[in-house]
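The values are calculated or read from the model by the stated rules, or taken from the named source; none is laboratory data. Here the structure is a predicted model, which is why all the values come from computation and not from measurement. Note that we place each Cβ from the backbone using ideal geometry, even for glycine, and neighbour counts take in every protein chain shown. Note: areas computed on protein heavy atoms with side chains; ligands, DNA, RNA excluded. Shrake-Rupley method; radii C 1.70, N 1.55, O 1.52, S 1.80 Å.
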Amino acid sequence: MRLEKIPNFGGIDADTDALLEQCFEDHEAYQDTKAHQKFLVLGRKGSGKTAIFRKFLATRGHDVFTFGHTFNDYPWHYHDKQAEIGVPEEQRYVHSWRYLMLITISKILLNQDSSQPWSEETLDDMRKIERFIVDSYGTRDPDVTQIFSPAKTLRFQSSFEIPFKLKVGILAESVPIAELPTIVQEVNRNLTLSVIKGLNPAFHYYVCFDQLDLGFNPTDHAYQNRLIGLILAARDLNVAARQAGKNLSVLIFLREDIYQILRFEDKNKVTEAFVTRIGWDIVRGGKTLRQLMQKRFSTILGIPEEGSWEVLFDENEQMPGHQLKYQHMLDRTFLRPRDMIKFCNETLVAYKLRQDPQKGESFLNTDINTARAEYSRYFLSELDDEVFKHIPHYEAYIEILKSLDSLQFTKDDFKRACVNRASRLPKDNNVSVVLSELFEFSLVGYYVPGGGGYGGAEYVWKYMDPRARFNESSSSFRVHPGLKEVLGLKKFTRSS
């Protein structure tokens with residue numbers, strides 16, 4: 001197939017990428033979660049979290065069961081009413097999340113797993129689960145978005161024994177959903193015992209939570225507490241399943257920047273033991289965006305996957321500075337699939353527009369140079385969507401970067417630019433604080449004398465290592481190269 005006939009190399013969004021499942025590129029994060037070793041998948045927006053989420057949903061089998069939660073239409077206001085009062089804030093939603101997880105797993109056991117009951121010992125537990133679900137929700141397959149609906153009444157008489165009264169006139173065997181927080185620990189304890197026993201040890205079960213950034217507000221403490229409760233509930237249930245020798249994972253796909261603002265006890269333990277990050281082109285021998293694109297090139301063009309990058313990009317013609325085309329493009333990304341897909345798509349558009357009677361079937365430097373302007377506009381738009389909720393004066397900071405005229409600048413250059421635009425900044429603005437905020441989202445990186453940066457670079461970038469911290473003593477900085485065209489910056493430094 002000729003390049004002229006190709007519409008694109010895929011979409012930048014997982015929901016619109018027609019090649020996503022066909023060209024899925026295995027990643028260490030996918031392997032970690034598939035093997036039930038990790039459950040919390042972190043990555044920047046566009047790094048591939050939803051791709052892994054959708055891969056799980058597409059790999060159901062007779063011994064693999066998955067259920068995906070996305071919350072664009074979830075009744076949060078009902079869920080909020082399940083918050084426990086009188087416990088630490090970060091604990092208030094743990095049991096309501098655990099209840100949701102247990103109902104979801106019960107749905108899988110009752111409606112998908114044909115091996116149930118997989119042993120005589122689990123027959124009684126499966127009966128208890130079925131009676132509770134049917135008596136309470138009227139069906140073996142309840143709608144999970146309605147499990148906290150005020151019209152529901154939980155019934156325990158023929159299933160689990162809850163040996164106490166809630167209050168005068170309300171027996172524990174028939175409980176309005178509004179009263180669930182007062183008995184939720186006992187309900188979860190009984191349901192957990194039966195659900196975990198019911199899991200077939202030869203099978204794999206995955207419950208996945210994605211799109212948790214919808215409605216995100218960094219100043220909304222209730223939102224943060226909901227996420228903390230979700231993480232803690234998943235940890236506890238995953239640990240219980242692992243101790244019982246069962247292959248169950250409750251998986252959470254979350255943006256790195258959102259996870260960083262969460263504060264709860266044992267967060268470091270969770271991070272060290274259960275977090276897996278999606279990264280590309282960082283670790284030698286790890287997954288690369290070149291590999292990801294080669295799979296797409298091979299699928300679309302019908303050519304061998306190995307070496308297909310060099311077929312499309314003539315690396316014999318190096319970019320300025322003796323850079324290979326791949327490195328030149330990679331430097332202008334956040335090491336995310338969507339960035340590289342977008343850059344390649346814009347390069348394809350430039351190739352089609354190039355008027356050249358001798359035009360071959362590969363991309364040249366001129367195509368990449370032409371593509372950079374449109375790609376740079378996209379890159380800033382992506383940052384707009386991600387950053388504006390975190391940094392109130394984000395637009396003013398962008399104007400300051402524009403006024404620098406060059407990619408590389410000193411701290412003194414930045415101070416002068418801030419002074420010139422003082423009317424648009426908060427009165428108590430501090431140059432180090434502003435640079436620190438820009439660094440957190442990799443709009444700028446700071447210089448390390450003598451090297452020492454990540455990936456062998458002289459500049460330290462947050463997107464290359466989420467654990468990197470801003471260095472207030474730094475005096476030299478650089479704007480991310482992907483913003484060069486849209487901000488109208490020059491390659492040389494101000495001092496030159």
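Summary of values
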{"quantity": "Heavy-atom accessible surface of the chain: percent carbon and sulfur, 1.4 Å", "calculated": "47 percent"}
{"quantity": "By average C-beta atoms within 10 angstrom, highest first, the peptides 297-308, 373-384", "calculated": "373-384, 297-308"}
{"quantity": "Burial order of peptide ranges 182-190, 481-489 (average beta-carbon count within 10 Å, highest first)", "calculated": "481-489, 182-190"}
{"quantity": "In degrees, nearest ten, helix 365-387 long axis to first principal axis of the chain (Cα)", "calculated": "40 degrees"}
{"quantity": "Share of pairwise Cα separations in the stretch 213-348, more than 20 Å, in percent", "calculated": "62 percent"}
{"quantity": "Equivalent ellipsoid semi-axes - Cα gyration tensor, the chain, angstrom", "calculated": "48, 29, 18"}
{"quantity": "Residue-by-residue Karplus 3J(HN,Hα) for the stretch 389-394, coefficients 6.51, -1.76, 1.60, Hz, glycine and proline x", "calculated": "6, 7, 10, x, 9, 4"}
{"quantity": "Degrees separating the helix 221-243 axis from the principal Cα axis of the chain, which is the longest one", "calculated": "70 degrees"}
{"quantity": "Mean separation of Cα contacts under 8 Å (6+ apart) over length of the chain, as relative contact order %", "calculated": "18 percent"}
{"quantity": "The stretch 294-347 - Rg over Rh from alpha carbon coordinates, Kirkwood radius", "calculated": "0.97"}
{"quantity": "Among 93-99, 317-323, 191-197, 32-38, the order from most to least packed when residues are scored by Cβ within 10 Å on average", "calculated": "93-99, 191-197, 32-38, 317-323"}
{"quantity": "Length-normalised contact order of the stretch 360-473 in % [C-alpha pairs under 8 Å, at least 6 apart]", "calculated": "14 percent"}
{"quantity": "Under 15 Å from the Cα of Lys55 - aspartates and glutamates, other chains or at least 8 residues apart", "calculated": "Asp13, Asp15, Asp17, Glu21, Glu25, Asp26, Glu28, Asp32, Asp210"}
{"quantity": "Cα gyration tensor shape of the stretch 307-464, rounded if a/c is under 1.5, else prolate or oblate by comparing a/b with b/c", "calculated": "prolate"}
{"quantity": "Of Lys411/Lys484; Lys49/Lys490; Lys45/Lys152; Lys49/Lys352; Lys107/Lys389; Lys34/Lys325, pairs whose Cα-Cα distance is over 30 Å", "calculated": "Lys49/Lys490; Lys45/Lys152; Lys49/Lys352; Lys107/Lys389; Lys34/Lys325"}
{"quantity": "Under 5 Å, built H, 5+ apart or other chain: amide partners of Asp314", "calculated": "Phe363"}
